[in-house]
1. Tell me which aspartates and glutamates have Cα within less than 18 Å of LYS52's Cα, excluding those fewer than 8 residues away on the same chain?
2. Averaging the inverse of every distinct alpha carbon separation and then flipping it gives the Kirkwood radius. What is it for region 174-227, in angstrom units?
3. Check each of the chymotrypsin sites (Phe, Trp or Tyr not before Pro) in region 20-97 and keep only those in coil by DSSP with at most 14 other C-beta atoms within 10 angstrom; list them in order.
4. Can you list the residues, at least 5 places off or on another chain, whose amide H is less than 5 Å from the amide H of PHE227, using H built in the peptide plane?
5. Using +1 at the C-beta of Lys and Arg and -1 at the C-beta of Asp and Glu, which of ILE136, VAL115, TYR89 has the Cα lying farthest in the positive direction of the dipole of region 82-141?
6. Assuming R0 = 35 Å, can you tell me the calculated FRET efficiency for the pair ARG101 and LYS299, based on Cβ-Cβ distance, to the nearest 0.05?
7. No partner Cβ under 4.7 angstrom, meaning no disulfide-compatible partner by this rule: which Cys of the chain qualify?
8. Whose amide H sits under 5 Å from the amide H of GLU124, counting only residues 5 or more places off or on another chain, with H placed in the peptide plane?
Amino acid sequence: MGEGDGVSTVVFFKEEEQLSEALTYFDLKDFKDKDVPVKLHMGEVRNKYHVKPDFVKKVVEEFKKLGAHPFLFDTTVAYNSPRKTKKGYQQVARLHGFSERKIGCRITIGDRGVVKTIEGRMFEVANEIFYATHIIAVTHVKGHVQAGFGGSIKNFGMGGVTRESKKTIHRGAEPLYNEKDCILCGECAKACPFNAIKVKDNWYWNSNACLGCGRCVNICPTEALSFRDSDLQYLLALSAKACVEGKKVFYINQIKNIARSCDCDPFAGPKICPDVGYVVSDDIVAVDKTSLDLIHEKKGRVFEKVNRVNPEKQVRFAHEAGLGNIKYELIEL
Ligand code: SF4
Ligand code: SF4
């Protein structure tokens with residue numbers, strides 16, 4: 001994994017059958033004999049864009065050939081969903097085709113963790129991630145209403161921690177209001193994707209509706225709003241660091257079925273960019289940066305257009321946190 005101003009290798013291919021060849025560009029020998037979580041999102045009920053079991057099965061088979069013992073892994077979610085409990089998530093996973101019989105390995109859902117502190121902030125990393133020495137990340141790259149886009153950084157930053165930490169990360173990006181600087185322009189209310197702000201004779205905020213996306217803070221012209229803790233994308237980068245720091249992680253980004261919203265959304269919207277393919281790397285920063293660059297090349301800055309959030313921020317924050325290289329050498333198969 002690159003950690004500074006170096007250049008990391010990223011391999012790009014268009015068809016899933018090329019995964020086997022792509023893996024040969026990396027030294028994966030020491031995955032042998034390890035129990036390896038395959039961190040992925042198995043999709044909210046009715047979401048149709050999440051990674052599909054056939055591809056995940058292929059990933060599992062490839063790593064078994066290397067002598068690894070992979071198992072699928074994700075965490076319970078913080079919002080109301082069948083995936084809020086381990087049992088409910090197992091049912092959703094089965095519904096979406098992720099069963100031991102189909103994939104060839106066990107499927108584990110975690111809801112307990114160990115606290116790790118990064119830059120003064122505490123994140124409860126799921127046990128299965130915390131205690132793993134080697135991890136495989138299979139990530140569906142798509143838009144995200146709050147973070148602009150979701151790639152490998154978000155797969156760990158939100159998906160690798162427990163429900164309590166998920167809530168804390170969102171809460172940290174909620175707005176703090178300073179009445180004396182507010183000119184009641186209403187820009188924050190217009191920008192809020194969840195109608196959590198109303199501006200009339202006064203400024204009103206519904207904490208139950210707010211999902212801590214930070215868009216209102218970023219748009220306020222007078223700095224009457226500030227973050228309770230920090231930008232959501234910054235917290236995601238730190239949380240991802242809590243999950244992957246010191247481990248050997250191999251990242252597989254699937255850049256297909258690119259919708260406006262994430263796999264937690266049953267109605268993620270229409271696709272906003274044609275399929276690109278897959279990128280793989282052992283560098284979380286480089287793999288997400290490449291994913292964004294390939295999407296921008298294909299369709300322009302679609303995530304900013306539809307979600308009005310600059311998705312590059314999380315990549316830059318992750319780089320600055322020492323997680324990897326922004327620069328990459330792209331090998332196209
Ligand atoms: S954008 Fe800022 S100044 Fe305008 S109403 Fe909202 S808080 Fe007040
Ligand atoms: S943080 Fe996001 S969800 Fe919360 S009030 Fe601001 S714009 Fe709305």
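1. Leaving aside aspartates and glutamates fewer than 8 places away in the same chain, those within reach of LYS52 are GLU15, GLU16, GLU17, GLU44, GLU61, GLU62, ASP74, GLU100, ASP263, ASP265, ASP275.
2. Hydrodynamic radius (Kirkwood, Cα pairs) of region 174-227 is 10.7 Å.
3. The qualifying sites are PHE26, TYR79.
4. Counting only residues 5 or more places away or on other chains, the set is LEU176.
5. Farthest along the dipole direction, towards plus: TYR89.
6. Result of the calculation: an efficiency of 0.40.
7. Lacking a cysteine Cβ partner under 4.7 Å: CYS105, CYS182, CYS185, CYS192, CYS210, CYS213, CYS220, CYS243, CYS262, CYS264, CYS273.
8. LYS116, THR162, SER165
The values are calculated or read from the model by the stated rules, or taken from the named source; none is laboratory data. Because the structure is a prediction, the values reported are computed rather than measured. Note that we place each Cβ from the backbone using ideal geometry, even for glycine, and neighbour counts take in every protein chain shown. The accessibility values were calculated without ligands, DNA or RNA, using every heavy atom of the protein model including side chains. Shrake-Rupley method; radii C 1.70, N 1.55, O 1.52, S 1.80 Å.
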